[in-house]
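What follows is one structure encoded as structure tokens, with my remarks underneath.
Taken together, the values in this text are just the output of simple stated rules run on the coordinates, not laboratory data. Small disclaimer: the values here were computed from a predicted structure and weren't measured. As a convention, Cβ positions derive from the backbone with ideal geometry for all residues, glycine included, and neighbour counts pool all protein chains shown.
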Amino acid sequence: MVEQNKWAERTILIAEDAETSIQYFRAALLKSGVKILWADNGIDAVKLTKEHPEIELILMDLDLPIMDGLQATKQIKEYRPNLPIVAQTAHVLLGDAESCMEAGCDGYITKPISLEVLISTVEGFLNG
């Protein structure tokens, strides 16, 4: 469990097209007080990152509509190279982690994402 309001002054972007997944993230992080921005496609993820310099972490689904997560990551890293981006995917294929790192991702987690993995990942990037 995360402490009450631990990240009340922090902002993360969750790029995720599955409504049930975004509901899970919101519920899991609710007590932390973190501000969550949501993009349901890669183009919106790129747009929101440009519009919100306060974003400190992105949880990027790889399988997004319109523009996939790897392409969105590459574009975001062009203008925000130090913004941590953690790839998240349900499709675990040989070479996925390497493809993520080549695109500029700073981490990689697989779905279903346990509460412990989610909290420790966010903790590692926001407080590490």
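Mean projection of the alpha-carbon convex hull of the chain over all orientations, in nm²? Let's see the in-between values first.
Details: hull surface 27.6 nm².
Averaged projected hull area, Cα only: 6.9 nm².
How far is helix 19-29 tilted off the main Cα axis of the chain, in degrees rounded to 10, range 0 to 90?
The two axes meet at around 40 degrees.
For the chain, what's the relative contact order in percent, using C-alpha pairs closer than 8 Å and at least 6 residues apart? Don't skip to the end; give the middle numbers.
Details: 210 pairs, mean separation 29.2, N = 128.
This gives 23 percent for the chain.
Name the long-range amide H neighbours of Ile109: under 5 Å, sequence gap of 5 or more, or other chain; modelled H, no Pro or chain starts.
Ala87, Gln88, Thr89
Each label point is 7 Å from the Cα along the Cα-to-Cβ direction; what then is the distance between the points at Glu98 and Tyr79, in nm?
For Glu98 paired with Tyr79, the spin-label model returns 3.2 nm.
Per DSSP H run of at least 4 residues, take -39500 (n - 2.57); add these up for the chain, divide by its residues and hand me the 222 nm value, nearest 500 deg cm²/dmol.
Values: 5 runs with 53 residues, N = 128.
Theoretical 222 nm ellipticity from helices: -12500 deg cm²/dmol.
Given R₀ = 30 Å, what would the calculated FRET efficiency be for Lys31 paired with Glu51, taking r from the Cβ atoms and rounding to 0.05? Can you show the working numbers first?
Numbers: r = 27 Å, r/R0 = 0.89.
Once the sixth-power term is evaluated, E becomes 0.65.
Please compute the Kirkwood hydrodynamic radius of region 29-71 from all pairs of different C-alpha atoms, in Å with one decimal.
Details: mean 1/r = 0.0899 Å⁻¹.
Here the Kirkwood hydrodynamic radius works out to 11.1 Å.
Which net charge results when you count Lys and Arg as +1 and Asp and Glu as -1 among the other residues whose beta-carbon is under 14 Å from that of Glu54?
On the way: positive: Arg10, Lys35, Lys50, Arg80; negative: Glu9, Glu51, Glu56.
Neighbour charge sum, excluding Glu54 itself: +1.
Which residues' amide hydrogens lie under 5 Å from the amide hydrogen of Leu37, considering only partners 5 or more residues apart or on another chain, with H built in the peptide plane?
Those qualifying (amide H under 5 Å, at least 5 residues apart or on another chain) are Ile12, Leu13, Ile14.
Along region 65-80, what does the Karplus equation 6.51 cos²θ - 1.76 cosθ + 1.60 (θ = phi - 60°) give for ³J(HN,Hα), rounded to whole Hz, x for Gly and Pro?
Computed from phi, the couplings for region 65-80 are x, 6, 9, 6, x, 5, 5, 4, 4, 4, 5, 5, 5, 5, 10, 9 Hz.
What are the ³J(HN,Hα) values, in whole Hz, obtained from phi via the Karplus relation 6.51 cos²θ - 1.76 cosθ + 1.60 with θ = phi - 60°, for each residue of region 101-116 in sequence order, with x given for Gly and Pro?
Each residue of region 101-116 in turn: 5, 5, 6, x, 5, 9, x, 8, 10, 10, 8, x, 8, 6, 4, 5 Hz.
Near Lys6, which lysines are there with a Cα under 23 Å away, not counting those fewer than 8 places off in the same chain?
Those lysines meeting the cut-off are Lys31, Lys35.
Taking springs between alpha-carbon atoms closer than 10 angstrom, which of Val46, Val117, Val86 fluctuates most in the Gaussian network model of the chain?
Checking each option, the largest mean-square fluctuation is seen for Val117.
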